[in-house]
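Have a look at the structure below, then the notes.
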Amino acid sequence: MTSPFLLKPCFAFFKRTTWSLVCLLLMSCGGGGTSLSAIGSGGSGVAQGLVTGFGSVFVDGVELEDANASVVTEQYDGTLTNSVLQMGQRVRVAHDGNGNASRVTIDASVIGTVSAISGTQ
């Protein structure tokens with residue numbers, strides 16, 4: 001017969017392992033990546049992520065038609081300048097809910113406060 005004192009640590013280990021696996025499974029199911037979620041009225045939406053391909057524009061593997069879309073970069077002062085997309089850039093794509101993009105905005109690759117500027121290079 002097995003001692004109850006030996007079963008208690010085994011049960012605790014099993015319980016911790018099960019909860020850890022459940023948490024890992026839940027974390028892997030959501031978050032990150034591209035969202036084509038509806039915002040606003042009329043089925044409009046915004047997808048955001050990394051440019052992963054062309055032939056339209058692929059954002060985190062999701063194809064969005066960009067033939068009629070403007071491609072812009074938002075500057076530090078809020079102004080927009082025309083740009084050209086490159087692989088790996090982080091973008092926000094305004095679309096009509098059917099995958100037809102109206103604007104592709106390239107996000108800044110570095111965001112933060114400048115603490116110092118060196119006079120020499």
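Values in this text are rule-based calculations from the coordinates and carry no lab data. Just so it is clear, the model here is predicted, and its values are computed rather than measured.
Taking amide hydrogens as placed 1.01 Å from N in the peptide plane, the amide H of Q89 sits under 5 Å from those of V51, each at least 5 positions away in sequence or on another chain.
With the Cα gyration tensor of region 60-116 giving a ≥ b ≥ c as the square roots of its eigenvalues, does the rule (a/c under 1.5 for rounded; else a/b larger than b/c for prolate; else oblate) give rounded, prolate or oblate? Prolate.
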